[in-house]
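Enquirer: I have a structure I would like to understand better, so I am pasting it below and will then ask my questions one at a time.
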Amino acid sequence: MKWFEVFPGVTGADPLSDGALASWPDRAFDDRLHHLRACPVVLTELYQIARHFPLVVRDEEGDLTLMADLRSETLRRPAFDASGRFASGYRPLATRLLPFVATASGGAIRLRDTLSMPEPERPVALRQQVAQMLQAHAAGHRKLGGAVRLLIARRYLVSNETDGDGPGCDWLPAPSSPQGARQDMAMDSRKEKFLALRLLAVMEFSAMHRRNAPPRGVVAERFRDWMSRDEVLRRQTFLSTDEMIDFSHLTSS
C-alpha cells in the first residue's frame, strides 16, 4: 500500500503529463492530512524532519523510501492536533505539492481524487515551478534511495519484520554495528557513503520522538563512538541550504 492511498477519495495515481499540470485544486488535501501514517522525506528537509518526527525506511511494494513516521501509536506526541493540522507547526514538503507526488524511483505522478473540487487553470510560470520542484524532489529521493540501499547492504539498517524481506516492512537503525565499521565507511571518499553515514546518524537522532526510544545513555554511547573517530565525516556539509543538527546534548555526560 502506498503512503497516499490512506486519503479518502484517492483511487490511485497516473504518470504526470503536461495536461495534468494545466490545472489543480487549491489546498485539496489540507483537511485530509490527518489520515497520513507516513510521508516521504525530501532530501533538503532531512534535518528539519528529524527535529519533529522519527525517520523510518519503508518498503512500499518494492520501493525503499525514507519516511517520516506519523503513526500515533509509535510517537511520544501526536503528529496532528485536534484540528487535523501538523502539531509541530512544520508541514513536510511532500504534502505541500499534493495532488502531485515525486516517486522513490525518480518520477512524478498525480493522484486520482474522486472528491469533486474546482480546478482553476494555472499560469505557465507556476506550472513550470511545480514541475521543477517535483524534479528536485525526485532527484533527492534517488540519492536517499542509494544511501538507504547501502545501509541495508552493510546491515546498518535492519527490518522490524521477522522475515526481513516481506512486503511493507520497515527498516530502522541496527541496535549495534561491528567495531570500526562506521569508521571504515566514513573513510571511503565516495559521496554516497558520506551521505549514508550521515543519514544513519540522523535516523538515530530522530528516534527520540518514538515512545519506545532507547535510554539516553545508550544513544549517547553510539554517538560518542562514531563522532570521536569520524572527523572527516563531521567536516562534510551535505545539505548546504539546511541547518546542521546539534548532537552535543546526546553526547554530553
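Enquirer: Could you work out how much longer the chain between Glu119 and Glu192 gets when fully extended? Use 0.36 nm per residue separation minus the Cα distance between them, nm to one decimal.
Expert: Going from the current span to full extension adds 22.2 nm.
Enquirer: Give, in nm to one decimal, the length gained when the segment between Ala20 and Gln129 is fully stretched (0.36 nm per residue of separation minus the Cα-Cα distance).
Expert: Difference between extended and current length: 37.8 nm.
Enquirer: Using DSSP to call loops (not H, G, I, E or B), can you name the GluC sites (Glu not before Pro) in the stretch 26-119 whose Cβ has at most 11 other Cβ atoms within 10 angstrom?
Expert: Passing both the DSSP loop test and the Cβ count: Glu61, Glu73.
Enquirer: Taking the Cα-to-Cβ direction at Ser72 and at Asn212 and moving 7 Å from each Cα, how far apart do the two end points lie in nm?
Expert: So the label points at Ser72 and Asn212 sit 2.0 nm apart.
Enquirer: List the residues of the stretch 73-93 whose backbone N lies under 20 Å from a point placed 7 Å from the Cα of Asp30 along the Cα-to-Cβ direction.
Expert: From the stretch 73-93, the list is 79-93.
Enquirer: So if each residue of separation counts as 0.36 nm, and I subtract the Cα-Cα distance between Val6 and Asp63, what length gain in nm does that give?
Expert: Residue separation times 0.36 nm, minus the Cα-Cα distance, leaves 18.8 nm.
Readers should treat all values here as calculations from the given coordinates under stated rules, not as data from a laboratory. Remember, it's a predicted structure, so these values are computed and weren't measured experimentally. FYI the Cβ positions are ideal-geometry reconstructions off the backbone, even for glycines, and counts take in every protein chain you see.
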